[in-house]
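Since every read-out is calculated from the coordinates, none of them should be taken as a lab result. Treat the numbers as computed from the prediction; the structure is a model and nothing was measured. Glycine gets a Cβ as well: all are built from the backbone with ideal geometry, and neighbour counts include every protein chain shown.
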Amino acid sequence: MSKSGRNHLLVAAFDFGTTYSGYAYSFNNDPRKIQTNQGWNAGTEKLISLKTPTCVLLNPQKEFAAFGYDAENKYANLAEDNKHKEWMFFRRFKMLLHNNKGLNRSASVEDIQGKKMPAMTIFSMSLRYLRDHLVEALTRQVDGIKETDILYVLTVPAIWSDAAKQFMREAAIQAGFDADRIMLALEPEAASIWCQHINTSIKSDLSKTGSQRMVVDLGGGTADISVHERNSDGTLKEIHRASGGPWGGTSVDQNYIKWLTKLFGREVMWRFQNEEMADYFDILREFETKKRTITSETKGPVYFRVSAALREIHDEVGEKSVNEMLAEMKIKDDVSYRRDKLRVSAYIVRSWFSESIDETVQHVLYLLSEASMKKQTTIIIVGGYGECKLVSDEMKNAITSKKIIVPDECGLAVLKGAVQFGHQPKLITFRVAKYTYGFKVKRVSETDGCKNIIDNVFRKVVEINEVVKIDRRIPAPGQQFLSMDEQSEISIFISSDPNPAFVTDESCSLIGNLHLGQAKSQRRADNEVSVEFLFGETELEVIVRTLSDNCEKKCVVDCL
């Protein structure tokens, strides 16, 4: 049954990534037979991919024109004819939602020329395209299938805020998704679910009751880490709150482009990126393939193609020759430039990876040092960036006491696990609170017979690192609420402190407001309600119950 209680024929999951996006699905009668789109064509002779770039192209009227490889190629062709300036091209905009404390519905994103559009519009256009692409593929495959037969799962980083998750849900609704047929899946959690079925040498170890695994999901934008333990019935419980940071693969791409900019010059690279867009995208695509082949054992030089257009622009406006710059950078013995090839020593190439790998390794080591991690034996690396062998090599070199595995098609682990989660959402039984959650109240104190009202008191509901059972209702403690016009809202706060005293403490921040509803009558007794929180879900849910008639309704904390 779907969330709304209606039957659905299949589950479809969308992995909406910083760099690449894709979808997968399976039917109820064979949920393990998960299918993906069998190849997004880049339009070049080299690249057929199971995902497509997260890029959106708008026409001069600010209407949707293309997504993915089509958007890249159309924009490049427009730039070739110098007709692109009125168009808008957006890429890598998902990172807007990472650690953005001021996120709201009116947030904007910039295209590559610096022109702004509402972020909600760009996200919803992307999701609408992916859904329509899926539905079209399904109608070619299955007679009589309808869009309403599909339950959708959207993957989101576990380290995202409640506001970011709500933003993604609302973008899907704006894209035309039925709100009752949307689920959110936490990315490393989905990967952990999928990893229960991977064929590895330690499959039997992972299937033992009490076995623990850390999943390190390395995507384009973020490293997202979760830890789970297997229950006796095959379900999973989270044993450490999700954590991570902006240490994904795009940082490596940025380092490569910065290095080229230093070598050829800022003006040369600016003109190359803006006037020879097709060649620029080809360089990025080649690097995406190349960086997966670099290992800690790579000794010889690594070759990178330099397009004729880049050479011509450099010959025209470059202030110094490449050889002069190599001498200035003191790397002439490590880099050579001849015709259309750059020959770069492996140690320089590895340096582009260093920061993201070091940050991830240090964070994993920090997690493993905690007392709750003593039973942890296995680390599973997934995600598109996880397919870069250098990442797993360096983690294995730094963390010798654990088994580290990279499953086949690890870049699809999140997507396939999200499909399975849609079929079996109860596979996760416990989650760990990422923050201390509470709400603002007034407290009355008495001193020398005088009553004082203390405002902004933090009334705790659940504590950071507390293990919370899925579907467990946690009542708002010691508080009566009234669903009347002037008192129909309570403010929800989070804190990194286990026991904050006031909502004004430095550790606290407002995440949203809960609307309790309108007054039912003039009588106070008719308007008394209880409030119960469901913290174990992927999104914060609240149940408001009218005490006079026990009528319940689910409410959403508005985090935007």
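The slack in the chain from D143 to Q362, taken as 0.36 nm per residue of separation less the alpha-carbon distance, amounts to 73.7 nm.
Using a cut-off of 30 Å between Cα atoms, the listed pairs K94/K416; K101/K460; K51/K374; K94/K440; K403/K426; K332/K396 include K51/K374; K94/K440; K332/K396 as exceeding that distance. Placing R0 at 25 angstrom, the Cβ-Cβ distance between R266 and E86 gives a FRET efficiency of 0.45 after rounding to 0.05.
Over all directions, what mean area does the Cα convex hull of the range 436-558 project, stated in square nanometres? Before the final figure, lay out each step's value.
Working: hull surface 35.0 nm².
Average projection, Cα convex hull of the range 436-558: 8.8 nm².
Between N59 and H197, the modelled label-to-label distance comes to 4.2 nm, taking each label 7 Å out from Cα in the direction of the beta carbon.
Divide, for the range 256-322, the radius of gyration over alpha carbons by 2.2 N^0.38 Å, where N is the residue count. Could you put the intermediate results ahead of the total?
Values: Rg = 12.9 Å, N = 67, 2.2 N^0.38 = 10.9 Å.
So the Cα radius of gyration is 1.19 times the expected 2.2 N^0.38 Å.
All Cα-Cα distances of the chain, cut into 10 Å bins from zero to the largest, leave 3, 16, 25, 25, 17, 9, 4, 1, 0 percent in each bin in turn. Taking a quarter of the surface of the Cα convex hull of the range 204-335 gives a mean projected area of 11.6 nm². How long is the gain from N231 to E541 if the chain were fully straight, where each residue apart is worth 0.36 nm and the alpha carbon distance is subtracted? Gain on extension, N231 to E541, equals 109.1 nm.
Protection proxy ranking, highest mean first, for peptides 186-198, 330-342, 308-320: 186-198, 308-320, 330-342, where packing is the per-residue count of other beta-carbon atoms within 10 Å, averaged.
Taking R0 as 41 Å, what's the FRET efficiency between I453 and M95 from their Cβ-Cβ distance, rounded to 0.05? Using R0 = 41 Å, I get an efficiency of 0.40.
How much length, in nm to one decimal, is gained on full extension between S491 and T209, taken as 0.36 nm per residue of separation minus their Cα-Cα distance? Provide the component values of the computation, followed by the final result.
On the way: separation 282, 0.36 × 282 = 101.52 nm, distance 4.07 nm.
Computed gain between S491 and T209 is 97.5 nm.
Between the range 530-559 and the range 413-471, the C-alpha centres lie 12 angstrom from each other. Taking label points 7 Å from Cα along the Cα-to-Cβ direction, E506 and A179 give a separation of 3.9 nm. Here K553 is the anchor, and the lysines within straight C-alpha reach of less than 18 Å, apart from those fewer than 8 places off in the same chain, are K3, K520. Lys/Arg Cβ at +1, Asp/Glu Cβ at -1, dipole of the chain taken about the Cα centre: which of I380, Q212, T222 is farthest positive-ward? Looking along the dipole axis, the top candidate is Q212.
Along the range 222-235 the Karplus relation, 6.51 cos²θ - 1.76 cosθ + 1.60 evaluated at θ = phi - 60°, assigns HN-Hα couplings of 10, 9, 10, 10, 9, 10, 10, 10, 7, 7, 5, 8, x, 7 Hz to successive residues, with x for each Gly and Pro.
The protection proxy used here, the mean number of other Cβ atoms lying within 10 Å of each residue, ranks peptides 217-223, 146-152, 498-504 as follows, highest first: 217-223, 146-152, 498-504. Here the alpha carbons of the range 10-187 define both size measures, Rg and Dmax, at 16.5, 52 Å. Across the range 487-508, the residues whose backbone nitrogen lies under 20 Å from the label position 7 Å along the beta-carbon direction of S445 are 498-508.
Assuming charge only on the beta carbon of Lys and Arg (+1) and of Asp and Glu (-1), the dipole of the range 211-295 about its Cα centre is about 320 debye to the nearest 20.
The label point for T377 and the one for C555, both projected 7 Å from the Cα toward the Cβ, are 4.7 nm apart. Which of the residue pairs K74/K320; K33/K165; K299/K330; K115/K258 have a Cα-Cα distance greater than 31 Å in the structure shown? Result: K74/K320 exceed 31 Å. All alpha carbon pair distances within the range 112-179 were sorted into 10 Å bins beginning at 0; the resulting P(r) in whole percents reads 18, 42, 29, 10, 1. Any idea what angle helix 308-317 forms with the longest principal axis of the chain, computed on alpha-carbon atoms, 0 to 90 degrees, nearest 10? Approximately 80 degrees, to the nearest ten. Where only DSSP H runs of four or more residues are counted, the chain gives -8500 deg cm²/dmol as its mean residue ellipticity at 222 nm, each run worth -39500 (n - 2.57). Over all other residues within a Cβ to Cβ distance under 14 Å of M168, the charged ones net out to +1, with Lys and Arg as +1 and Asp and Glu as -1.
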